[in-house]
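To start, the structure itself, in structure tokens.
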Amino acid sequence: MERKALGKGISALIPPADAQQSQKIIFLPLNRIKPNPYQPREDFDPQAMEELVQSIREKGIIQPILVRPKGDDYELIAGERRYRAAAILQLKEIPTIVKDVDDRDSLEIALIENLQRKELNPIEEAKAYQFLIEKFSLTQEEVAEVLGKARATVANVLRLLKLPLEIQEEIKNGRISYAHGRALLEISDLNLQRKILQEIISKSLSVRELENIIKLRRPFSVKVKSSRLVKTSDPYIAVLEEQLQQALATRVKIVKKKKRGTITIEFYSNEELERIVSKIKGEAAV
């Protein structure tokens, strides 16, 4: 039996050719269509967009976009790239199918469209799962059922959001892979994760090579973590350290004496030092 990922079936996303007679295609003015606030995709490849623009310029828009009524206008559900390409070409109107769906269905359809076209990077995918969980109070099992995936797959993708932000960025831009990210999660110390990240990039390490390095350094990782817990005995100082680490995305150590103390901020490259300094300047100016 075919499993349907959406409550209304995958045909809600891309209707089969023989069903398009029952789903009326209309041409809507482009200026009456608003972007989808639940669009899970954040990055659009410029070259791919240029190719799509050229294709639409020559052949027109073959597949209609999907929208829903929103006040006196319409809101995009699926077809973000076609919508953007039409705007670049300054088209007056665009072929659409109008469906009356709620916020959850809108997000599900947008997410499935991107997943089926393999257009989401792993971090965008993880953020979309997290948004479903938080906004609609879903469990991981329910998200997996909605999207037609195994629960373990959803859980593993969500774990990527536990990585430091700079590692997430490297996964987003493709400098390291999803598998590299999963391997780095085996390291308990966040700063060791960052240090090994630099090795992955500078040495073009394969996932297998990364796993071997992690096996060799795992005892050191546990030692660093336990040592840090022993030294930070003041709960108030521990909270401040954690807040600074989250803000600066690197390890921070606060040593407090009677009336004075020191704050140590770690970095592992000139680029990271510049990033930290810029972050501090930016926050100080606010």
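The values are calculated or read from the model by the stated rules, or taken from the named source; none is laboratory data. From a predicted model like this one, the values you see are computed outputs, not experimental measurements. Heads up, the Cβs are rebuilt from the backbone with ideal geometry, glycines too, and the neighbour counts pull from every protein chain shown.
Below are the figures for this structure:
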read-out: Hits in region 172-198 (condition: in a loop (DSSP other than H, G, I, E, B) and over 15 Å from residue 212 (Cβ atoms)); value: 173, 174, 175, 176, 177, 185, 188, 189
read-out: Verdict on residue 167 being crowded, with 20+ Cβ neighbours inside 10 Å and either of a type outside the set (Ser, Thr, Tyr) or modelled with pLDDT under 85 (or both); value: yes
read-out: Count of region 229-246 residues which are modelled with pLDDT under 75 and within 32 Å of the chain's Cα centre (by Cα); value: 2
read-out: Unique match (being modelled with pLDDT of 90 or more, surrounded by fewer than 16 Cβ atoms within 10 Å (Cβ to Cβ) and in contact with a Lys or Arg (Cβ under 8 Å, 6 or more places away or on another chain)) among 29, 69; value: 29
read-out: Condition met for residue 175 (over 24 Å from residue 276 (Cα atoms) and of a type outside the set (S, T, N, Q)); value: no
read-out: Tally, over region 92-137, of residues that are modelled with pLDDT of 80 or more, under 14 Å from the mean Cα position of the chain (by Cα) and assigned to a loop (DSSP other than H, G, I, E, B); value: 1
read-out: Lone unmet requirement of (1) surrounded by 13 or more Cβ atoms within 10 Å (Cβ to Cβ); (2) at negative phi for residue 46; value: (1)
read-out: Residue ID - nearest to residue 88 (Cα to Cα), chosen from residues in region 52-63 that are at pLDDT below 85 and surrounded by 11 or more Cβ atoms within 10 Å (Cβ to Cβ); value: 52
read-out: Residue in region 151-168 that is more than 17 Å from the chain's Cα centre (by Cα) and either of a type in the set (Gly, Ala, Ser) or not in a helix (DSSP H, G or I) (or both) present; value: yes
read-out: Residue within region 37-49 that is farther than 27 Å from residue 136 by Cβ, outside any helix (DSSP H, G or I), of a type in the set (S, T, N, Q) and at pLDDT below 90 present; value: no
read-out: Filtered residues of region 66-91 (kept if part of a loop (DSSP other than H, G, I, E, B) and either touching a residue at least 60 places away in the same chain (Cβ under 8 Å) or acidic (Asp, Glu) (or both)); value: 72, 91
